[in-house]
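The values are calculated or read from the model by the stated rules, or taken from the named source; none is laboratory data. As the structure is a computational prediction, the values presented were derived from the model and not from experiment. As a convention, Cβ positions derive from the backbone with ideal geometry for all residues, glycine included, and neighbour counts pool all protein chains shown. Note: areas computed on protein heavy atoms with side chains; ligands, DNA, RNA excluded. Shrake-Rupley method; radii C 1.70, N 1.55, O 1.52, S 1.80 Å.
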Amino acid sequence: MMTRRSACGLVWLIVGGGFGSIPVRAQTPPVVRVDTTPIQPTAAQRAALQAAGRAVRVDTTPIQPTAAQRAALQATGRAVTNEQISTAIRNSGLNQQQIQQQLRSAGYDPSLADPYFVQGASGLGVAQRAPASGAATNIFVQALQTLGILTVPTTATTPEETPQGSPDAASGRAGGIFGKEIFNRAATVFDPVTAGPVDPGYRLGIGDQLQLVVTGQVELAYAIEVRRDGTVIVPQVGQIALAGLTLDAARGLMQQRMSRSYSGLTSGEARLDLSIARIRANAVFVLGEVEAPGALQVNGLATVFHALARAGGPTVQGSFRNVEVRRANRVVQRLDLYDYLLRGDATGDIRLEQGDQIYVPLSRRVVEVIGQVRRPRVFELRDNEGFSDLLGFAGGLTPVASAERVQIDRIVPAERRSPGFDRVKVDVEIRGSLGALARVPLLDGDIVQVFGIGDLRRNVVSVTGQVFQPGEFELRPAMTLGQLIDSAEGMLPWALSDRVKVVRQVPLTGRTIVHNVDASTAPGRVFLLEEFDAVEVLDSRVGYPRGTISVDGAVNAPSTRPFAERETLRDAIERSGGLKEDAEKIEVYRRRAGSIYSDTTSIRFSFRIGPNFVRDTSLRDFVLERDDRVIVLSSPGYRAQQFVTVGGQFSYPGPYAIAENSDRVRDVILRAGGALPGAFDQSFRLIRNGRDVSIDFPRVMRSDSAHNIPLLGGDSLVIYRNPNTVLVIGAVGRPSLIKFNSSMTLWDYVELAGGPTERGDVNKAVVQLPSGVAKRVKRVAFLFHAAPTLVSGAIISVPEKAEATTPRSEVWQRILATSSTLASLALAYAAVTR
């Protein structure tokens, strides 16, 4: 619940998406999680507030979970926000009386809903006020979930999500206690179904409300309740004892007693029906080794599983095999949870009666099984259960489990311990027969490990390289190399069949032997293979040095390609896209190879590119060799055309070629006809590589060498009209476009734009002139500031103040200390000079 103080001094109660209309005293709620979802009033709430003469407010204050949500969080393991609870009640379409009626029918106290409704401006509405009793809040949240009004999705907890304080973490075992995970989910996992008719075997008890209906010759309808003495009172019939009877037996007794007063029930002219209108609530006790022992209020349909789930289930020390249900100081049922968890057998899950006690004792013998089993967990064993039962609980062995032995990590019993012999390893040889395990006793705390088989495969040979289906194959008796190649669907066309390598391991010596076999001949194909042989079929394409040919320089597609025999220089140039228009000379560099040492590392061949290049036989006849490098050189006199772009208020805008390297800005402007009469000199800009070059248009036209600079290809020249405005942006009250006035200063424009904001620093404003030049306000004589001269089209940008790294009080302390020191020095100097 969150509160917000209104302008009139009242505190509005804000409820997970809605507004109450009565003032209440603000309280600080306990913080578990914060939901930052803004609260939006619904259309009905807006209408109600407007009708009451109040403004519609939207509160974006983060919502703190209430005690109800804390209880739901503990019950389900998931966070429940105010928005979820209030929306669930609102979406149900039920008013306070209807929710109370459903609570009563489900066996809950109807007054639990009272604190969640308040009287508002538009009538009775949903509120969100935490009740005084945390237990009552917990019951109400669980009741909403039971009725289907509040639904909290749950997800299974992964091992990475298991908190340190969880039962599985406390056990210290990776698999966890078998069966514990089902109780780690929502507490409603075993809730009884309260919707629909009650089964005939339901036993009536004190507090059950019944509906008695007689139709036919006589029309009667009575709502009767089983009183504290176990009886009901039927008008004109009297007192009838029904407590302890099943619903079916109660119908028969009611038929018998009422037929004495209504003869039509005997003759068949009337029919009687007895049904459950509201199921009673029973108080039961869950004791012993459970997560949350204590008293619980459950409805008459609740079973042992339901109560155990509400109590969090057995602890890591609790027994899953011997749960007792005690009624009237005697044990009426012993429940083995493994019957349900392993076989789905819930015959022992009896219904609870008023005052029943569920007792979970300590477990007596707990054994963990790990390794190659289908369900590695910690299991509880009874006195008469052994290895076969343990493996059955674990789901049996996996296919990769070893059938040779299992190992037990055992804590030596206290009476048999000696120094250094507190824990032992016990190997059990099974030799493929699990029956050998029956003679080995299991002790409390044992850890049984089932080993897996290895990855070694003995009957295999492998083939790699240039075959259609490389891989591992079964080694058959007397298998030959030819048979293996045939199993791999044969060799590829470029395989070196005359030099197949068979790599053979010699296990006794650790040596490796390589056999060179000609598989293209009959003797080679019948070469016998042995276990673990690895056959390699080589590639003839890489059997010899391949080399490369590279072509660089003035070609359209420079590249480096594998060497091909008989490729000529002309072939290489054509395969590289042909020559560019500036190509003039070709040079080929070839590595030197010889038996005599020489300082020469490469040999150069040079070719001129003439007008008859296509018919040049010298290029066609020059055959390239492995690793030749071809470089096509450009003509030194060749120059590609360079263009600049002229735009804006010039007489002839468009692209212009730079005639010479010495062409300057003024030369191109004159060729473009100069600026039009309406052009604004201050807006002239030279843009180079996307950036402004700061030059002055009038000085350019006066041939001032500092501004009339040489042009480069890709430059842009542009000039605009006079905008007669100044733009003010940044940390100002209202960024605006203001009419230019030459008599106004920078501070005048900022004031017209609403002045600087609280964090705006106008003394550090930056002015960008239309030419692209940026200037900032300067400090003069420590205390004064001077702003740059403004022109039409300028942009004033006011930045925000930097975060103060030193407190203001400390700054003033430093100023006062410095001033005091200066004053002291001045007085000392005056005294000395005097």
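At the residue level, THR818 shows approximately 80 square angstrom of accessible surface with a 1.4 angstrom probe and all protein chains present. Each listed q (0.21 Å⁻¹) maps to a log10 I(q)/I(0) for the range 182-323, found by the Debye formula over equal Cα scatterers with no solvent: -1.20.
The gain in end-to-end length when the ALA830 to GLU269 segment is fully stretched comes to 188.9 nm, 0.36 nm per residue minus the alpha carbon separation. Please report how far the C-alpha centroid of the range 610-683 lies from that of the range 419-489, rounded to the nearest whole angstrom. Spelled out, the Cα-based centre of one part sits 75 Å from the other. Note on GLN217 and PHE285: the model spin-label points, each 7 Å out from Cα along the C-beta direction, lie 5.2 nm apart.
Using r as the Cβ-Cβ distance of ARG257 and SER388, and R0 as 41 Å, what FRET efficiency do you calculate, to the nearest 0.05? Could you put the intermediate results ahead of the total?
Values: r = 57 Å, r/R0 = 1.40.
For R0 = 41 Å, the calculated efficiency reads 0.10.
Straight-line cross-link reach from LYS585 at under 30 Å between alpha-carbon atoms covers no lysines, not counting any fewer than eight positions away in the same chain. The label-point distance for GLU474 and ASP761, in a model that sets each label 7 Å from Cα toward Cβ, rounds to 8.3 nm. Going toward the positive end of the dipole of the range 562-689, with +1 on Lys and Arg Cβ and -1 on Asp and Glu Cβ, which of THR601, LEU579, PRO677 do you reach last? Farthest towards the positive pole: PRO677. Backbone N atoms of the range 512-533 closer than 15 Å to the 7 Å Cα→Cβ label point of ASP486 belong to residues 520-529. Rounded to the nearest 20, the Cβ-based charge dipole of the range 705-834 about its Cα centre (Lys and Arg +1, Asp and Glu -1) stands at 260 debye. Once the Cβ-Cβ distance of THR464 and ALA557 is raised to the sixth power relative to R0 = 30 Å, the FRET efficiency obtained is 0.25. For the residues LYS778, LYS764, a 1.4 Å probe over the protein chains yields an accessible-area ranking, largest first, of LYS778, LYS764.
A 1.4 Å probe, protein heavy atoms only, puts the accessible area of SER742 near 100 Å². Sorting ILE658, ILE408 by accessible area puts them as ILE658, ILE408; the probe is 1.4 Å, largest comes first, and only protein heavy atoms count. When a/c reaches 1.5 or more, the comparison of a/b and b/c decides; with that in mind, is the range 376-424 rounded, prolate or oblate per its Cα gyration tensor? Oblate is the answer for the range 376-424, as a/c is 1.5 or above yet b/c matches or exceeds a/b. 3J(HN,Hα) along the range 787-801, derived from phi through the Karplus expression 6.51 cos²θ - 1.76 cosθ + 1.60 where θ = phi - 60°, amounts to 9, x, 5, 8, 10, 4, x, 6, 10, 9, 10, 9, x, 8, 5 Hz, with x in place of Gly and Pro.
Dipole size of the range 315-450 about its Cα centre, with +1 on Lys/Arg Cβ and -1 on Asp/Glu Cβ: approximately 80 debye, rounded to the nearest 20.
Once the Cβ-Cβ distance of THR509 and ILE596 is raised to the sixth power relative to R0 = 41 Å, the FRET efficiency obtained is 0.35. Site pair TYR652 and SER540 shows an inter-label distance of 7.0 nm when each label is modelled 7 Å from Cα along Cα→Cβ.
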